[in-house]
Structure formats: structure tokens, C-alpha cells
């Protein structure tokens, strides 16, 4: 029962992802038609500059006027792979107003304006799908939003940025420093010329906001996500991690509080045990670990970026949205009914690994231990190493709030015997 | 915008999974209502015997007349967690005819009669969902059917039976033999008193049929799945695997042929490299590795069985089916349009690890190598070990068809110098 009038798709953006979406739409047209129940037709492609030859795309479809394209009125689905906030936001909203549903891969926009975009979709009775916005090809939005819809998610712990995982994996396996590993990532095309969005955790923070929102049925804005980059992770940190039976990963962590009434979302480097499934995620791969009441521990693993993997996620959404259009229904929209409190970083409870440079004289450990005790931070282990009148003290704490730990560190810095705080690293996944 | 008339759910079966479904429906009623857009009500529970106290379930809802329950006409969704072919099949079909959609966890039934059940669902405009039938809580059906709907899956490689993975993991980590590891699995409740369905690969074969059907948009019946159990895997096999840098897993493998026109599905023990993500799947966990054109390599990991994990999958489906009922739509049904040829095991191409007991005299290797050559099976490595007039010969082949390999082994057995074929194990995941 194949409908013959094709569904019309407008593609906004024709870079690495967009061109791959167009290519697959052409080469796999028969499969897509069979799976949707109607053919899909590329009706227009909006680009920044025309004149460039785009293999497999009819030049007559290419336009620089994206606004006119989304306003045409005969477009069924707009696929937005431009990225960034504007003009993507206005184009998507305009698309809804002119009768189209939207598939987007735009994590920055979804993290910042997800609620408004969902509202616009709902007001117009249209779909907004964005599996490609988080962890590339890895099915994650759909499993969280649908497969786990009858469960209660307590924690999402993920490696959601391939660039930083490549760098950290390189540091771990070769003993290289941050800069050396970054240079290699850049040379191999894993890091951009300006790597800020990746290495400072902005990219991962956007994904954390999206994941937390879906996992906890609560609006989590980008500003709610605590963010710490990984540019200060050193080879020495990796040596310390090894001594703990750990490695270091840049993690996005979304957690429900023990009493269930609040949630937190954060991105920072952390030590995780080598036995944890996330520890063995190599190179530029992504993986997300989900803990829920009934399902227990699930993990989703795969390529987190790249033209083809991202296109795979976009096309999966395209098929779903097209099916919805044919059946006259819409898929699940925003679910924020739980409306839990989003707590600040100070409320996060975890363990810490702290390296201190201290004077090598009697009584230092007692002083340091007193400071921890005064701030209610319980010490799990201490290791002391002397070297020529100086010494280092490595403290691993039991679970404590980030606020208590910050207070402890502040007080430690004021001690005469503490020359410096060499590193503070959270310990997760235990 | 909450609808107040509740959706009515009939539960068929109230064992380990069913009682957990009922419990979560009660304790998480508000969450389910918010996510669905209407409350769900447990309208009846069909059991084999009444009289047993069932915590949290109103005794007035319990009945032994499952047929009357599915015929009531006011049931929105029937949740079937009885298992087995009959009466489950008739009850599901009857449910469709009387206006209900169905959520099932019944792998045996889906593998045997999936096509007929899908047809019954479609004829009545109803949904048939069964995420829980494969790999428990791990979202797999939905990702394959929806997230990868715009991609082309080439291979599914999975550990889909927790009992056998527990046994093999135990053999691997302790050096135990099969019987000893099985005894421990039985004592710990991981293996049933009669472990046949698990250890002989029947359970995994049913899951392979379901996965292959969805992955390749082609009907794959249980009879199409080649099946070999893992009762003959020995401690010696694990030692051989270690020498190859491998471990042994019972794998369900669904593959598209190189030319894309045919598919195969099979279950058997196989060596896989320790570096493969499936190699580190421990205990009773399941994991499925999916390779597709655009997405590349994805892995899904989690608990493959148990009351709570299976209930999580059932409830995710329940939410989806309820949403569909509210919107008047149905989800994706059977997709078998590709209708590829399902080829027999003889057409499967892979590598083999063969251990032969041979006479320890000159010329044996030449004889053996000649047999391989005559059958067109190319040898990668040979290792010879002498011991008191006898010797063993370990041959690892390049990729060859199963038919060629079978012919080779048959011919080897006829050689005077070959005392026996100690083991034949496929090598996968390279």
C-alpha cells in the first residue's frame, strides 16, 4: 500500500552531514520509501553559497534563501543541519508555522531553546526530532524517551564528546601531555583548529542538558549544567589515576538526588575505575551509561560524530517523522511534567582525589586531616610521598558534597604548610 | 491536557515479569499517566491458578479465564507475559479481534509466528510491540526498527542469552569445565533445572530470528536459524582461545551477504578477540553489536533477563502503545519488504579454529594441508605440539564457507594419521 505522492524534504545545510543525508536519500530512495510507506523527495537544499558543485544534488534544488524554502508551504519535513543558534532557530520556528515537521542535529540550539522549540512544534501540531544532536549515531534520545518511558532513570553517565575522548585516551595510552595529544588530534582531524567548544566542555554540556531534560522529564537549561574543561588534566593525573586502578574521562553526568526531588547535570574530567564499561571506550567513540530503577544498568556505544553516523541518526528521525505525517499523528513531544528542582554543583555528592604539595615536616598530615574533618569531609585514604624537603599528599575522600569539598580546599590553601593544590579530580562510576 | 478516562490494561501472566509489571503500574501510576497523557488502569490479571496472594493486586481483578478477559471488548492493551506458543498465540489473536493492542515478551512465539501475529495486528489496525522479547531491558527492537530505519544494517552480533554467558564467563575466568560452571549457574539461579533451552541455543536462536527479521526487513523463521549449543565447549577450548588472544562466547549472528542479496542467521559458540567490545561482557549481561553502512559500529549493553529489566521493556512498550491509541495511530508494523533470500549455514563465510589429534610422524602436516587445499580452504596458521607419540595440530583458517569447511573436516576424519577432530570453533568479530 504505497502512497505515490512523495513527502517533500527541505535540507538546511549541505556540509559534512547534509551532503551525506542527501546522498543516502538518493541512493537508498527505495528502501526509505518502503520503510515510510511513501517516497521521499528532496525538494530544496539551502546553502550559504551556491556555485559549488554538489555531487548527486540537482543544482536547481540549491538555494541561498533558506527562509523562502521553509515558507514554501508544501514542505513536509525540514532537516536542519546548519548548527548554531541563528538563523537555525528562526528557520525552525518558521518551518513549524508553515506546516513542516523538523528533524535537527543542533545540540547547541536544543540545549538553549529546547522548550521554546518544542512549544512551537506542539502549537502547530508538528514533530521535532533530534536524535543526531546527542552522541551522533548512537540511539539515545529515542531509548530514553520511549524505551525507558515506563522506567525511572536515576543517572546518565556518558562520554559524549569524541574529540576529548581521543585526547584523553591518547594521554592514557602513551603518557603524552595534554598539548601533545591535542596536536595529534588536530593533525588527524579529530580536533578543530579552535578546539575550545570540545576541550572546555561546552559541547558536552549542551548534550548533558538535553539528556538530563529527557531522562528526568524536567527542563534543564544549558546554564544549569556545571562545566569544567579537560585542558588542565596532566600526565601526572593519569599516573595518579592508575595508582587508584582508574583512568580519566571527560564525563557528562546527570543525576537524580537520593530523595528523588532534585537533579543535577555537570561536565568535568573524572577518574573512573578501569573495570567500568566506560573506561574501555577508546579513541573518538562515545558511550552513555544509563542507570534506572527497573532496567538496571544499560550502555549505548558507538561513533559520536562524523558525517555518516550523524546522517544515520538524522535519517532514522526522518523516517519516523514521515511515518507520523502519513498516519496524521505526532510522536512524543517535550516531557517536562516532573518539573524537578535543578540543583547547583555545590549539592553534588561524589568522591574526590586531591593532590597537595606540602612541606615535608612532622604534623602536616594532622593539620590537613583536621581541615577535612572541620568541613565534614571524611577521608578514605591518604598517601604521603617525601622528596627533598617537599612532600606530596594524595587524599581520596569518601562521598562528600561539592560545597564541602570546595570549603575544604579553600581552607587547605590557607595553611602555611600547604604549598599548593596540585590537582582535584572527582572519582565517579563506583 | 490529561484525559481522564483511563486506558485499560489486561495482564496475561503474573509470574516474575507480570508481577513486576503490575507493581510498577501501581507504584508509578502518576508518572505513567503523565508520560502517556492519560491514566492507565490494571483491568484484569489472568493467572493459571487463583488463591495465591499477589501483593498489590486487587484479588477481584484476578481470573483464570484469560480468554474471557481478552474478549471483554473494553481492554485497550493486552500485556502477554505467559510465554510459550499456546495459549499465548490464540489469546493475542483474540485480543486483536476484540479491539486491543498487544505488548508481548514472548520470543518463542514471535520467532515462530511473528508474521501471522503482525498480520493479525495490521488487519485489526492494532499495535504489536515486543521489545522485551529480545535481550530483556536493552532497547534493541526500537533502535533497529526506528533509529536505524534510514540506515542499512549489515550485521548483528550479539550475546543474547545471559545463562550461557554466565557459564562461559565462569569457565574463562576460573578454568572450570562446562559441568562445573553449569552447576554454579544453577545454584545461583542463573540456569533453570532443565537448562536445555539456554545451553542448546534455542533461546538465542529465537532472538536471532527476531533480530534478523527486523534488521534486514525480511522474514526469518526460527527454522532458518542455524543452531549449535555450547555444551561441548571445554576448558581446553578456552586455553586455545587465549593463545589466539580470544575468548569464547555463544553468539547470535545475523549477516547480510557481501552482494547484499541474501542473509544468514546462526547461533553457535565462537572465539572473539579480547579487544572486541563483546569480549568484556561479563556474567549474565547481554550485549548486541550492530554494524551498519552509515552509523558504523554500535553496541547496546545491559541485563538480558530478570523480572525488573524485562518489566522495564514491557512498560516502555506499554507507554508507546497507549500513546498510539490516544493519537489514533499505530506504530511501525512488520517490515519484510526487502524479502531477501535466507541462505543456509553452508553459505556462511567465516574463519575456523580446528584442533586435530594426529599421529606424531613426518608427513602428517603435509597430508592435512593437502586436504584443506583440495577443499579450497586457505590456512592462516598451523601450530604443532608433540606429546608421547601423539601430537596435536591446531589449524586456523582464512575465511571460508561453512560448506567447504565441513567437506574439509569430513575428509580429515578419513585420514589414517588423524586420530580425531578435538574441536572446531568459528572465529568471529575480527
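The values are calculated or read from the model by the stated rules, or taken from the named source; none is laboratory data. Keep in mind that what you see is a predicted model, and the values were worked out from it rather than measured. A quick note on method: Cβ atoms are made from the backbone with ideal geometry, for glycine too, and the neighbour counts reach across all protein chains shown.
Remarks
- Wholly enclosed helices (runs of 4 or more DSSP H) of segment A:131-247 bearing at least 1 residues within 30 Å of residue A:315 (Cα to Cα): A:162-174, A:178-187, A:196-199, A:202-216
- Restricting segment A:359-381 to residues that are assigned to a strand (DSSP E or B) and touching a residue at least 24 places away in the same chain (Cβ under 8 Å), the residue that is surrounded by the fewest Cβ atoms within 10 Å (Cβ to Cβ): A:380
- Residue within segment B:105-118 that is in contact with a strand residue (DSSP E or B) (Cβ under 6 Å, 6 or more places away or on another chain), crowded, with 23+ Cβ neighbours inside 10 Å and within 14 Å of another protein chain (Cβ to nearest Cβ) present: no
- Residue tally, condition at negative phi and in contact with a helix residue (DSSP H, G or I) (Cβ under 8 Å, 6 or more places away or on another chain), over segment B:54-70: 7
- Boolean, residue A:91 is within 14 Å of chain B (Cβ to nearest Cβ), assigned to a helix (DSSP H, G or I) and touching a strand residue (DSSP E or B) at 6+ places or on another chain (Cβ under 7 Å): no
- Being within 13 Å of chain A (Cβ to nearest Cβ), touching a helix residue (DSSP H, G or I) at 6+ places or on another chain (Cβ under 9 Å), within 16 Å of residue B:286 (Cα to Cα) and at pLDDT 95 or above is a description that applies to residue B:141.
- Some residue of segment A:3-14 being in a helix (DSSP H, G or I), out of contact with any helix residue (DSSP H, G or I) (no Cβ under 9 Å at 6 or more places or on another chain), modelled with pLDDT of 95 or more and surrounded by 15 or more Cβ atoms within 10 Å (Cβ to Cβ): no
- Among the numbered conditions (1) surrounded by fewer than 22 Cβ atoms within 10 Å (Cβ to Cβ); (2) within 14 Å of chain B (Cβ to nearest Cβ), the only one that residue A:176 does not meet is (2).
- Extreme residue, nearest to the other protein chains (Cβ to nearest Cβ), among residues of segment A:303-331 that are over 15 Å from residue A:105 (Cβ atoms) and outside any helix (DSSP H, G or I): A:329
- Condition check for residue B:384: outside the structural domain of residue B:238 (by TED's automatic domain parsing), in a strand (DSSP E or B) and more than 30 Å from residue B:257 (Cα to Cα): yes
- Verdict on residue B:260 being on the phi > 0 side of the Ramachandran plot and over 14 Å from the mean Cα position of the chain (by Cα): yes
- For residue A:38: the one exception among (1) within 14 Å of another protein chain (Cβ to nearest Cβ); (2) not in a loop (DSSP other than H, G, I, E, B): (2)
- Failed condition for residue A:300, given (1) under 22 Å from the mean Cα position of the chain (by Cα); (2) more than 7 Å from every other protein chain (Cβ to nearest Cβ): (2)
- Hits in segment A:180-230 (condition: within 17 Å of residue A:162 (Cβ to Cβ), more than 15 Å from the chain's Cα centre (by Cα) and crowded, with 18+ Cβ neighbours inside 10 Å): A:181, A:182, A:185, A:190, A:191, A:195
- Test: residue in segment A:48-64 that is surrounded by fewer than 22 Cβ atoms within 10 Å (Cβ to Cβ) and within 14 Å of chain B (Cβ to nearest Cβ): no
- Test result for residue B:284, within 8 Å of chain A (Cβ to nearest Cβ), touching a residue at least 60 places away in the same chain (Cβ under 8 Å), at negative phi and buried (at least 22 other Cβ atoms within 10 Å of the Cβ): no
- Qualifying residue in segment B:71-79 (condition: within 13 Å of chain A (Cβ to nearest Cβ), at pLDDT 95 or above, surrounded by fewer than 24 Cβ atoms within 10 Å (Cβ to Cβ) and in contact with a strand residue (DSSP E or B) (Cβ under 8 Å, 6 or more places away or on another chain)): no
- For segment B:288-297, filtered to residues that are facing another protein chain (nearest Cβ under 8 Å) and assigned to a strand (DSSP E or B), the residue that is surrounded by the most Cβ atoms within 10 Å (Cβ to Cβ) is B:292.
Each row is one residue, and each column tells you yes or no for (1) more than 27 Å from the chain's Cα centre (by Cα); (2) in the same structural domain as residue B:108 (by TED's automatic domain parsing); (3) more than 20 Å from residue B:317 (Cα to Cα).
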position	(1), (2), (3)
B:49	yes, yes, yes
B:54	yes, yes, yes
B:57	yes, yes, yes
B:61	yes, yes, yes
B:65	yes, yes, yes
B:69	yes, yes, yes
B:76	yes, yes, no
B:81	no, yes, no
B:86	no, yes, yes
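- Any chance residue A:260 is more than 7 Å from chain B (Cβ to nearest Cβ) and part of a loop (DSSP other than H, G, I, E, B): yes
- Meets criteria (in contact (Cβ under 8 Å) with a residue 24 or more places away in the chain, on the phi > 0 side of the Ramachandran plot and surrounded by 24 or more Cβ atoms within 10 Å (Cβ to Cβ)) for residue B:135: yes
- Residue in segment B:340-358 that is within 14 Å of chain A (Cβ to nearest Cβ) and part of a loop (DSSP other than H, G, I, E, B) present: yes
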